[in-house]
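Computed from the coordinates by the stated procedures, all read-outs in this text should not be read as laboratory data. These numbers were taken from a predicted model, which means no experiment stands behind them.
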Amino acid sequence: MVFWAGVSFIVGGITSLALTLGATASLSHIEDTSGYSIGWIIVGVTLIVIGFIKKKNPSDK
């Protein structure tokens with residue numbers, strides 16, 4: 001379950017980053033969400049790693 005949550009964060013972060021980088025108009029500092037996008041990607045990777053660690057440790061249920 002944690003693994004798929006991580007995957008969804010990564011997909012959401014990549015989509016948000018692509019939309020931000022593909023914007024034709026100049027974005028203001030408030031509208032620039034690239035930092036948030038990268039943060040969501042990092043959260044996703046972290047959740048995937050936690051999912052793999054929990055999967056390898058069967059005594060932790």
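Using 0.36 nm per residue and subtracting the Cα-Cα separation, the extra length available between ILE50 and ALA18 on full extension is 8.9 nm. In order along the stretch 9-14, the Karplus-derived 3J(HN,Hα) couplings, from 6.51 cos²θ - 1.76 cosθ + 1.60 at θ = phi - 60°, round to 5, 5, 4, x, x, 5 Hz, and Gly and Pro are given as x. If I stretch the segment between VAL43 and VAL2 completely, what's the gain in nm (0.36 nm per residue apart, minus their alpha carbon distance), one decimal? Between VAL43 and VAL2, full extension yields 13.6 nm more.
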